[in-house]
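What follows is one structure encoded as structure tokens, with my remarks underneath.
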Amino acid sequence: MRRRARKHQSERRTLWRKSSSDLPRYRRALLFRLHQPIGKLFAEAPAPPNVTAKAVYCFDVEARAAVLAKNCRFRMPPASTVKLATALVLLRVTKGDLSACVEIQEGDCTIGSSMGLVEGDRLTHLDLLHGLLLSSGNDAAQAIARTVGRILLEEDGQLGDPIARFVLAMNELAIELGLTRTRFMNPSGLDVQGLYSTAKDIALLGAKAFSDPVIRAVSQKTTYSAEIFGNKPRRIDLTTTVTILGEHGVLCGKTGTTSTAGSCLVLYSFASGRPFVTVLLASNSEKGRYDDARSILIELVRRIEHNKRPFDRMPEIKGDQARNAGR
């Protein structure tokens, strides 16, 4: 019995020495991991090719999965990509009826990009939606938020600021869509303290927005003529700010540019018959964001082709093979 106990004790000591000798190897592995860039440690998908954008997220809409990602969870100013949420709230509250006529007030004619409205103009929500998504008009965003926010206040049976009520609806939409790192502060995306989102959240927002047939139909247009009534009846010719439509399978998109946010872009494209949403935040210039987009879309197609299966379906089993397979 004593010999057996001494033998077991000797085996335990041997195992302890062996595990102790292996400790430096595990320590080195841990230190190696800790010295990796933090973005690489928590990356959701492979990094995109070398681009100027500070944050990128390429999203497979059907698989609900990332294809390429870079700093996709970093909070950043989203600029006019916010207007996709503005469009969704408009369609939700009006239940798709965009025939109501809106009179433009002085406060609607704000700074930044514009569809060319002045006080006293009268036009429909449909024309405002085109001005919002094609020309990225801040005046259109303000007019939509003011009129739709008033509808929401009436439904609540309350008084208050209609634009603040509209922004509340935008943030409620963000919660519903799972945009956990997004906070809207205005309907236009103009730089203001407290406004932020991420490339991943904007991609989820884009997937929702471009799945709406009305938003998709408006956004894929290159031009549109809005009819204006009121003091100065006229037609305003609108042109899309997305200059990459039709390239590399791009169907529609939304731009965003401010001094703080840089050049931003959301694209809805098809590759191998499947829809993808690509988001770039803070590219170095307007030209840079489109060069970035082209590089990413080319890499997307390359990855899809690389990952294709050699067989579209399983080979058919016949005769003796089928009988043997059943045994």
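Seen from all sides and averaged, what is the projected area of the convex hull of the Cα atoms in region 41-306, in nm²? Kindly include the intermediate steps, with their values, before the conclusion.
On the way: hull surface 54.3 nm².
Its average projected convex-hull area is 13.6 nm².
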For a protection proxy built on the mean count of beta-carbon atoms within 10 angstrom, sort 247-259, 278-290, 151-163 highest first, please. 278-290, 247-259, 151-163
The alpha-carbon center of region 214-250 and that of region 157-175 are separated, in whole Å, by 27 Å
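Checking the table 95/232; 200/254; 221/254; 83/208 against a 22 Å threshold on Cα-Cα, which pairs fail? Walk me through the numbers before you get to the answer.
Values: 95/232 30 Å; 200/254 15 Å; 221/254 12 Å; 83/208 13 Å.
Beyond 22 Å between Cα atoms: 95/232.
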Looking at 175, 231, 65, which one has the Cα that reaches farthest to the positive end of the dipole of region 41-306 (charges on Cβ: Lys, Arg +1; Asp, Glu -1)? 65
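For 224, 268, what ranking results if the residue with the fewest other Cβ atoms within 10 Å of its Cβ goes first? Present the calculation step by step, with values, prior to reporting the outcome.
Values: 224 20, 268 25.
Fewest-to-most ranking of 224, 268: 224, 268.
Note down the Stokes-Einstein diffusion coefficient of region 38-111 in µm²/s, whole number, using a Kirkwood radius over alpha carbon pairs, 37 °C, and 0.692 mPa s. Can you show the working numbers first?
On the way: Rh = 15.9 Å.
The diffusion coefficient I find is 206 µm²/s.
Dividing the alpha-carbon radius of gyration of region 134-197 by 2.2 N^0.38 Å (N being the number of residues), what value is obtained?
Details: Rg = 12.1 Å, N = 64, 2.2 N^0.38 = 10.7 Å.
Here the answer is 1.13, to two decimals.
Coordinate-derived values only; no laboratory data. Owing to the predicted nature of the structure, the values given are computational and were not obtained by experimental measurement. Note that each Cβ is placed from the backbone with ideal geometry, even for glycine, and that neighbours are counted across all protein chains shown.
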